[in-house]
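Structure first, then comments.
Laboratory data are not the source of any read-out in this text; all were calculated from the coordinates shown. Keep in mind the model is a prediction, meaning the values are calculated, not measured. Glycine gets a Cβ as well: all are built from the backbone with ideal geometry, and neighbour counts include every protein chain shown.
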Amino acid sequence: MTTTMDRRSLLSRAALGATGLVAASALGSLAPETAFAAGAQFADAGQPDPNFAEGLITGRNQDLLQVQGSDGRLHRIQLTGVTSVWKLRPTTIDQAKIGDGLYARGVLLPDGVLAAEAVWVNIVNLTVAITSIARSGVQFDHHGQKVVGHVQAGTTAAVYNGTPAVSDLSMLKVGRHAQVIGAWRPGTNEIDIATIYTSN
Amino acid sequence: MGTEQVAAAQPLLIGVLLLWSSYGKFKNPQQADRTALPRLVGDSRAKSAYLAVAALEALIALGLLAPPFTAIEAVAAAALGLGFTGFLIYSKIVVPEASCGCAGKSAKPVGYRAIARALLLLATAVLATTATGGWWSAGLALVVLVAEAAVFVMLSAELDRYWLLPIRRFRTRLSHPYAGTASSTPPLAATQRRVLLSPAYRAVDGMLRSDIHDYWDDEDWRYLSYIARYDGRRATAVFAVPHQDSTPESVRVAVVDETSGLTLYRPTVLATA
C-alpha cells in the first residue's frame, strides 16, 4: 500500500510541476532499434488487428489469461502492472476473472501472447428505453429484451442532455431513451451502470 | 344476469380484439419476419401467412360482430384462440427471441403475458360457443366486458406505454428511488471528459498507450494516470485536474519515468485553441 502511496505522491508532485525536468536522452540509449523493439505491429489489410483481442476468459494462470474469441479464435493475454483494467471503474488486474468477457488492446509478442496495455472487462454499450425505476435497479428495454441496471453508489454517473456527468440520478425518467455504458454481470441479464446518457 | 347473457356478450369483446390485432398485422406486415413464422412456414411464405391470419381474424371478427347470430362463428374464434396459444408456446420453446406479432409493432419476445392473453381469448371464445343469442341480446351482461377488456389491456405488452409507464412515471415523481444520489464529488466520467477536452491531453495524446490506469483525489486536485510511451520507453502520464477551476487550461500534465522518478516531459505553455 505504501508503494501505491509513494507512487501517487511522486506522480502528483510531477503533475503539479514540483519536480525537475530532465531530457529523456539523459536516461540512456535512444537508438531506433530500442525504441521500436516492442512497438506495435500493424494490421494487414483484411486481416484481424493483431494488437486487439476480445472474448470470454476461459482460463487464468497467474496473470496470463486464456480467452476464447467470439469468432472462435483463442488468445493468450498477458496482464502486467502497466495494464489498465476497466471493470465498471479503473481497477486492478486481479479483477479479470474466469467467465468474464473482455476487450484487450496491446502489443502482440513474437510468441503469440498479447501483452495487454488496456483491458475492458465485461463492458457493454446499450441503447435502451427506461421501463421502470426502483431502488433495486433500473429496468431497461433493450430492443425487446429486459435488462436490469444496478446503481453503484460512488461510481454510477448520469449525463443529462450532453452536459458534464453528475452522480445525481434523480432526473432519470421512466419512458426515456438512454445509452448505457456498464459492466455486464456474467451469465445474467443484469449490468452495473457506469454512465447513463439520457435526457431530462 | 345469468351465464347465458355473459356468454352471449363475449362475441363483442372477441370481435373488437380480433379487429384490433388484424389491423395491427395489416399495418405492419413486415413484423412477420420477427415472429416464429419464418421458422414455421419458411422465409418466403412468412409474410403471406401473417397476412392470411390477419384476414382470417378480420373475417371471424366481422362474423361475430354483425348479425345474424350463428354458433359456428364462436367455434371458429375458439379454434383461432387455440391456434394462437399453440403458436405462441411453439415460439417460446423453438424461437425464444421471436416476438409475438400479435397486434403489430413490438420487438418484445413472447412472454407469459402473451400466452395468458391467448388463453384468455380461447376461454372467452369457448364460453361464447355456449351462447344462444347475439351480443346485442346480452343486456346488462355487457358490463362484464369492461372488466375482461381491462384484463386484456393488462396482458398486452403493446399497450404498456399508455397505462403502465405513466403510472410508474407518476410514482417516481412522487418519490424518486434515487433522490439522494447527488454528491459534491464529481464522478470519474466528468473528470475524464475534462481531461479529454483539455489542451494538456492534446499535448500528450500520441504518447498514451492505456486507458485510465489509476486515479486518486488529493486536496483540491484529482489525478488520473495513464501508461505512456515516451521516446521508446515506458512512462506514466499523469493529469492533475483541479476541483475548483473548470477551465480546460487548468488541467496539467506530466510524463514521468517511474523507475527513476524523473519527469520527462511537461508542456508548459498550452495552446488554448
Pull up all non-local amide H partners of B:V253: gap of 5 or more, or a different chain, and H-to-H distance under 5 Å with H placed in the peptide plane. B:A240
Got a sec? Charge dipole of the protein assembly as shown, +1 on Cβ for Lys and Arg, -1 for Asp and Glu; which of A:F42, B:A103, A:T188 is way out at the positive end? B:A103
Spin-label pair B:I93/A:Q47, simplified geometry with 7 Å Cα→Cβ offset, distance in nm: 4.9
Residues with amide H under 5 Å of A:A134's amide H, sequence separation 5 or more or different chain, H placed in the peptide plane at 1.01 Å from N; which? A:Q139
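Based on alpha-carbon atoms only, what is the radius of gyration of the range A:47-121 relative to the globular estimate 2.2 N^0.38 Å? Mind showing how you got there, number by number?
Numbers: Rg = 10.9 Å, N = 75, 2.2 N^0.38 = 11.3 Å.
Working it through for the range A:47-121, the quotient is 0.96.
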Counting only DSSP beta bridges fully inside chain A, the antiparallel percentage to nearest 5 is 80
Evaluate 2.2 N^0.38 Å with N set to the residue count of chain B, then give the Cα radius of gyration divided by it. 1.74
When all C-alpha to C-alpha distances in the range A:123-198 are sorted into bins of 10 Å, what percent of pairs does each bin hold, rounded to whole numbers? 21, 62, 17, 0
If you build a Gaussian network model of chain B, linking Cα atoms that sit under 10 Å apart, which residue out of B:G206, B:G101, B:G83 swings the most? B:G206
Quick one: if you stick a label point 7 Å off each Cα along the C-beta vector at B:E4 and B:V146, how many nm between them? 2.5
How large is the charge dipole for the range A:37-139, taken about the Cα centre, if only the Cβ atoms of Lys, Arg (+1) and Asp, Glu (-1) carry charge, to the nearest 20 debye? 440
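I need the peptides A:52-58, A:112-118 ranked by packing, meaning the mean over residues of other C-beta atoms within 10 angstrom, with the highest value on top. Please report the intermediate quantities before stating the final value.
On the way: A:52-58: 17.9, A:112-118: 19.4.
Packing order, densest peptide first, comes out as A:112-118, A:52-58.
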Leaving out same-chain residues fewer than 8 places away, which lysines sit with a Cα under 30 Å from that of A:K87? A:K97, A:K146, A:K173, B:K108
Sticking with the crude label model, points 7 Å out along Cα→Cβ, report the distance from A:H143 to B:I72 in nm, one decimal please. 4.7
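Calculate the FRET efficiency for B:L62 and B:Q244 from the Cβ-Cβ distance with a Förster distance of 60 Å, rounded to the nearest 0.05. All intermediate terms of the calculation are to be shown ahead of the outcome.
Working: r = 73 Å, r/R0 = 1.21.
Calculated value: 0.25.
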If only Cα atoms are counted, what is the Rg of the range B:188-265, and what is its Dmax, in Å? 11.8, 36
Report, by chain and number, residues whose modeled amide H sits under 5 Å from the one on B:T35, excluding near sequence neighbours (fewer than 5 apart, same chain). B:S99
Would you mind checking the tilt of helix A:2-16 against the longest principal axis of the Cα atoms of chain A, expressed as 0 to 90 degrees and rounded to 10? 90
Angle in degrees between helix B:71-94 and the longest Cα principal axis of chain B, rounded to the nearest 10: 30
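Could you tell me what a quarter of the Cα convex hull surface of the range B:14-113 works out to, in nm² with one decimal place? Walk me through the intermediate numbers first.
Working: hull surface 23.6 nm².
Computed as one quarter of the Cα hull surface, the answer is 5.9 nm².
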Please report, in whole Å, how far the alpha carbons of the protein assembly as shown spread along each principal axis, starting with the longest. 102, 50, 40
Most positive-pole-ward Cα, B:V144, B:L165, B:L155, against dipole of the range B:137-176 from beta carbon charges: B:L165
Alpha-carbon Debye profile of chain A, log10 I(q)/I(0) at 0.09, 0.13, 0.14, 0.16 Å⁻¹: -0.49, -0.91, -0.99, -1.12
Pairwise centroid distance, computed over Cα atoms, of the range A:89-129 with the range A:149-183, Å: 23
Most fluctuating residue given options A:V148, A:V174, A:V85, as computed from a GNM of chain A linking Cα atoms under 10 Å: A:V174
Would you calculate a helix-derived [θ] at 222 nm for chain B, using -39,500 (n - 2.57) for each DSSP H run of n ≥ 4 and dividing by the full residue count, to the nearest 500? -16500 deg cm²/dmol
In the neighbourhood of B:L88 defined by beta carbon distances under 11 Å, the net charge of the other residues (Lys, Arg +1; Asp, Glu -1) is +3
Projecting the Cα atoms of B:S246, A:V147, B:A58 onto the charge dipole of the protein assembly as shown, where Lys and Arg contribute +1 and Asp and Glu -1 at Cβ, the residue farthest towards the positive end is B:A58
Most mobile of B:R34, B:R209, B:R173 per a Gaussian network model of chain B (Cα springs, under 10 Å)? B:R209
How far, in degrees from 0 to 90, does helix B:142-155 lean away from the longest principal axis of the Cα atoms of chain B, to the nearest 10? 30
